[in-house]
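Quick notes on the structure that follows.
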Amino acid sequence: MKGSSVNLSKRLEAVKDTVKPCDVSLDIGCDHGYVSIALVKEKVAGKVICLDINEGPLKAAQRNVCEAGVSDSIDLRLSDGFEKVTADDKPDSVIIAGMGGRLTASILDGGKDIVKNLSQLVLEPQSEIEVVRAKVRELGFHIEKEKFLTERGKFYFIIDAVPGRANSTWDEEFYDKYSKYLIETKDMGYKEYVLKSLEKFEGYQRSIKDVKNGDLMGKIEELKKVIDLIEK
Ligand SMILES: C[S@@+](CC[C@H](N)C(=O)[O-])C[C@H]1O[C@@H](n2cnc3c(N)ncnc32)[C@H](O)[C@@H]1O
């Protein structure tokens with residue numbers, strides 16, 4: 001861990017690379033603290049406040065922080081979401097990675113008073129991404145960029161959100177589900193992922209033969225629309 005960089009997984013490297021240079025970042029659900037350690041070592045953040053609801057992960061983070069020699073730049077706090085963050089901390093950004101989409105959205109909601117003054121949200125929800133995209137919008141932010149990546153057979157979405165509403169009249173429900181950014185940027189990794197999902201759902205449809213399943217057919221139509229939009 002000593003030296004200028006930390007060995008991160010592809011997912012955590014992408015989360016870290018999304019954080020913009022800042023004075024203070026928050027890492028909620030920091031667990032091991034690896035992203036925070038890399039951020040201060042690489043001088044992307046002057047300071048990181050690492051928060052976790054459980055003592056075990058926080059102790060592990062403390063050991064890693066000490067070992068990396070960055071104790072002066074990392075503040076560790078036992079906290080449910082934003083609970084132990086105050087305006088006096090003057091945070092610029094927040095990272096919430098590796099949690100379910102609903103939990104990520106509810107943490108953001110619970111920290112509204114802090115969130116409204118942040119200049120960046122870096123979010124990597126592991127399920128129900130559409131709930132997080134909708135919450136980002138509800139909190140007055142919009143998705144500036146989004147990364148799609150696969151690692152060891154799993155796929156991940158990393159949301160980079162900034163303050164301000166997107167100037168558009170698009171079908172929000174559809175794009176919350178399927179990512180306006182990844183469609184518009186014609187992300188080929190994402191297209192492959194959508195094609196595989198389409199194959200899977202068409203396989204289900206074939207297996208139930210003549211039985212008409214409205215939800216399944218609706219899903220297939222939506223996935224075909226995503227492919228068409230990417231290919232446009
Ligand atoms: C799966 S780990 C993800 C760790 C790391 N962020 C990553 O992406 O690898 C989730 C962490 O979030 C913590 N956690 C869960 N709910 C939380 C909450 N409401 N507030 C703060 N931390 C929370 C857990 O204790 C755990 O350490």
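The values are calculated or read from the model by the stated rules, or taken from the named source; none is laboratory data. These numbers come from a predicted model, not from an experiment. Cβ sites come from the backbone with ideal geometry, for glycine too, and all protein chains shown count toward neighbours. Areas reflect the complete protein model, heavy atoms only, side chains present, ligands, DNA and RNA absent. Shrake-Rupley method; radii C 1.70, N 1.55, O 1.52, S 1.80 Å.
So here's what we get for this one:
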| quantity | calculated |
| --- | --- |
| Condition met for GLY98 (open to solvent by 10 Å² or more (accessible area, probe 1.4 Å), more than 16 Å from the ligand (Cβ to nearest atom), assigned by TED's automatic domain parsing to the domain that holds ASN64 and more than 21 Å from LYS47 (Cβ to Cβ)) | no |
| Count of segment 45-86 residues which are away from the ligand (no atom under 15 Å from the Cβ), buried (at least 17 other Cβ atoms within 10 Å of the Cβ) and in contact (Cβ under 8 Å) with a residue 60 or more places away in the chain | 1 |
| Qualifying residues in segment 118-141 (those that are open to solvent by 50 Å² or more (accessible area, probe 1.4 Å) and in contact with a strand residue (DSSP E or B) (Cβ under 9 Å, 6 or more places away or on another chain)) - the one farthest from THR86 (Cα to Cα) | GLN126 |
| Any hit, segment 32-44, residues being more than 14 Å from the ligand (Cβ to nearest atom), within 16 Å of LEU76 (Cβ to Cβ) and assigned to a strand (DSSP E or B) | no |
| Verdict on LYS212 being out of contact with any strand residue (DSSP E or B) (no Cβ under 7 Å at 6 or more places or on another chain) and modelled with pLDDT under 95 | yes |
| Subset of segment 109-135 (residues that are away from the ligand (no atom under 11 Å from the Cβ) and aliphatic (A, V, I, L, M)) | ILE114, VAL115, LEU118, LEU121, ILE129, VAL131, VAL132, ALA134 |
| Complete set of residues in segment 151-168 that are within 16 Å of the ligand (Cβ to nearest atom) and over 11 Å from the mean Cα position of the chain (by Cα) | GLU151, ARG152, LYS154, PHE155 |
| Breaking point among (1) open to solvent by less than 20 Å² (accessible area, probe 1.4 Å); (2) over 17 Å from PRO125 (Cβ atoms); (3) within 15 Å of the ligand (Cβ to nearest atom); (4) not charged (D, E, K, R), for VAL24 | (3) |
| Test set (1) at pLDDT below 95; (2) assigned by TED's automatic domain parsing to the domain that holds LEU108 - ARG206 fails condition number | (2) |
| Given (1) surrounded by fewer than 22 Cβ atoms within 10 Å (Cβ to Cβ); (2) more than 9 Å from the ligand (Cβ to nearest atom); (3) not in a helix (DSSP H, G or I), index of the condition ASP17 fails | (3) |
| Positions within segment 147-175 being open to solvent by less than 60 Å² (accessible area, probe 1.4 Å) and assigned to a loop (DSSP other than H, G, I, E, B), in sequence order | GLY164, ALA166, SER168 |
| Residue match in segment 185-193 (condition: β-branched (Val, Ile, Thr), under 21 Å from GLU144 (Cβ atoms) and at pLDDT 95 or above) | yes |
